[in-house]
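**Student:** Please read through the structure below; I'll follow up with questions.
The values are calculated or read from the model by the stated rules, or taken from the named source; none is laboratory data. Only a predicted model underlies this, so the values are computations on that prediction, with no experimental measurement involved. Methodologically, a virtual Cβ is constructed for each residue, glycine included, from the backbone with ideal geometry; neighbour enumeration extends over all protein chains shown. Side chains are part of the model used for accessible areas, which takes the heavy atoms of the whole protein and leaves out ligands, DNA and RNA. Shrake-Rupley method; radii C 1.70, N 1.55, O 1.52, S 1.80 Å.
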Amino acid sequence: VALKRMLNFNVPPVKNSTGEPVWKVLIYDRFGQDIISPLLSVKELRDMGITLHLLLHSDRDAIPDVPAVYFVMPTEENIDRMCQDLRNQLYESYYLNFISAISRSKLEDIANAAIGANAVTQVAKVFDQYLNFITLEDDMFVLCNQNKELVSYRAINRPDITDTEMETIMDTIVDSLFCFFVTLGAIPIIRCSRGTAAEMVAVKLDKKLRENLRDARNSLFTGDTLGAGQFSFQRPLLVLVDRNIDLATPLHHTWTYQALVHDVLDFHLNRVNLEESPGMESSPAGARPKKKNKKSYDLTASDKFWQKHKGSPFPEVAESVQQELESYRAQEDEVKRLKSIMGIEGEDEGAISMLSDNTAKLTSAVSSLPELLEKKRLIDLHTNVATAVLEHIKSRKLDVYFEYEEKIMSKSTLDKSLLDMISDPDAGTPEDKMRLFLIYYISSAQAPSEIDLEQYKKALTDAGCNLAPLSYIKQWKAFTKMASAPTSYGNTTPKPLGLFSRVMNTGSQFVMEGVKNLVLKQQNLPVTRILDNLMEMKSNPETDDYRYFDPKMLRGSDSSVPRNKNPFQEAIVFVVGGGNYIEYQNLIDYIKGKQGKHVLYGCSELFNATQFIKQVGTFGNI
């Protein structure tokens, strides 16, 4: 909503106005691009009158009779470039929108450039948008993508970090969270654990919100803010959690669709990049091997199949794709018939979508065609994505890993020794084995004895594993052991459901032979459990000493005694140090059972196990 308002020159777009939109150019930097791209497609931008969208630092030609909407971070180099644009008189008028608040001195730089370029009248509006966060789902956001190594798990937990570096990281995180609440139009009640990076974020955020509220004339939380309607009756709870309370989940193998895509494919800001394997036809001897085609697909809110199944266990997804395909095949003859009526048998789909709406109104036949073609596009997309995931599951035996890790995390009896799993040459990559071992190490009540550890280490080395992450996890475990007992992960394990019914039929796209049909039982991960305690006001030793901040209170009194005794309806969980889709999915599943309650999940960065292991491995021997 905020972006659409900005692209409409900062006035709310009028519904059902028939007039043409005002044509304009959108100029953004990489930060702006990352914020817009998961939310608005090129088509949606065009519908809002954006004919061109260009990067600020690319070579741009002058378009003197068009207004330009800028959406950039207020950095030194961005501002220099904008001043240059003014001097070169590139556009008719300039609407300058800053992702995060611009400082007074930088604003003066722009003003001086405008005066120098005789362009003061052309700078139509200057806005602080407070949009410095990336929304990936209706209920999920992540702080940034461009400089994410600056706020990464590794950056926050580096043993040699200086106080000033830590301050900078915390300020970056707080700036984004502040933007998030300005956009929501709500002042949260903040809870956090003590003695962690999350606590530093809480203290700073409380101070920043408080200062903004005190300055009544310029407060961002008054009157017609965007989200006012949504949360007006009750304030949301913000739970700030530190990644270090649970390092097992980020390493865990998973079984739900979205989390699997993120774990085994290249999935980033809602776009998945696949390498298509070249066809099987043999090329003549000595010919150059065919280049692999790269395809990318957007998995978005408008994709109904994705919305419905991103949280489903993988076997269910495969079965649903198959069902969709069968129902489409039944309609395919209809498509052929429609195409022949319209005399466009051979045409590609693009030509069909170009048919103007007037002809579409002529026959109901035409109106059902685009819908069918869209359905077909989604089926193809998910067939490709799910097949790519399935290849990983089968070649790496991910179902076995998932089930085994669930047993370790829930302290169930294991049917196969960990050493056997590690030394089985057919199961998993060296990284899969390392993940499994680290989860075992993190979840065990007491660390394995030196003798056992040596034995494991030898097996891991023989399997080709890189042992670098272990030294950090070892230290982390020794440290947290003093701080608290290991987190428990509930005591349920996935139940195999016998083999697949329909998918096993020979007619299926997916050859699922040998893959276990595991069904998940809802069990709350540590982050979800903490949220549950704080949202429902349950007393629990795990969360009883969490600090409580209310930025609306005149004097911030520090205590862990909540003033508010009623359970919350709305909550935001934010993980300082990085999050993952497993945790997100777990929260969503938890809240489904709570009538009328909402949860949003946010994190300083989103990483999969590979990326997390890399970060942990770079600590070296501390």
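**Student:** When a/c is below 1.5 the answer is rounded, else prolate if a/b is larger than b/c, else oblate, so apply that to segment 30-153 with a ≥ b ≥ c taken from the square roots of the Cα gyration tensor eigenvalues.
**Tutor:** Oblate, because a/c is 1.5 or more while a/b does not exceed b/c.
**Student:** Now a separate question. Rounded to two decimals, what is the ratio between the C-alpha radius of gyration of segment 1-99 and 2.2 N^0.38 Å?
**Tutor:** 1.04
**Student:** Quick check: at a probe of 1.4 Å, how many percent of the accessible area of segment 398-483 sits on carbon and sulfur atoms?
**Tutor:** On the way: 2260 of 3900 Å².
Of all accessible area on segment 398-483, carbon and sulfur atoms account for 58 percent.
**Student:** Could I ask something else about it? Excluding residue 462 itself, what net charge comes from residues whose Cβ is under 14 Å from its Cβ, given Lys and Arg +1 and Asp and Glu -1?
**Tutor:** 0
**Student:** Give me the percent relative contact order of segment 61-139, please, defined on Cα pairs under 8 angstrom at least 6 residues apart. List each step's numbers first, then the result.
**Tutor:** Values: 118 pairs, mean separation 27.4, N = 79.
Across segment 61-139, relative contact order equals 35 percent.
**Student:** When we measure straight from the Cα of residue 43, which lysines land under 20 angstrom away, once same-chain ones fewer than 8 places off are left out?
**Tutor:** Counting by Cα, and skipping residues close in sequence, residue 43 has these lysines nearby: 4, 15, 24, 295, 304, 375, 376.
**Student:** Within 10 Å, count the other beta carbons around each residue, average over each peptide in 598-609, 576-587, and list them highest first.
**Tutor:** Sorting 598-609, 576-587 by mean packing, highest first, produces 576-587, 598-609.
**Student:** On a 19 Å Cα-Cα criterion, which of the cross-link pairs 204/597; 308/592; 411/521; 407/433; 148/474; 538/565 come out too long?
**Tutor:** Among 204/597; 308/592; 411/521; 407/433; 148/474; 538/565, the Cα-Cα distance tops 19 Å for 204/597; 148/474.
**Student:** Sorted by mean Cβ packing within 10 Å, highest first, what order do the peptides 375-386, 180-191 take?
**Tutor:** 180-191, 375-386
**Student:** To the nearest 0.05, how large is the calculated FRET efficiency for residue 519 and residue 215 if R₀ is 56 Å and r is the Cβ-Cβ distance?
**Tutor:** The value I calculate is 0.55.
**Student:** Another one. Among all the aspartates and glutamates, which ones have a C-alpha under 16 Å from residue 552's C-alpha, if same-chain residues fewer than 8 places away are not counted?
**Tutor:** 206, 211, 215
**Student:** Compute the convex hull volume of the Cα atoms of segment 398-483, divide it by the residue count, and report the result per residue in Å³ as a whole number.
**Tutor:** 92 Å³
**Student:** What is the spin-label model distance, in nm, from residue 52 to residue 234 if the labels are put 7 Å beyond Cα along the C-beta direction?
**Tutor:** 5.1 nm
**Student:** Using r as the Cβ-Cβ distance of residue 5 and residue 451, and R0 as 56 Å, what FRET efficiency do you calculate, to the nearest 0.05?
**Tutor:** Calculated transfer efficiency: 0.30.
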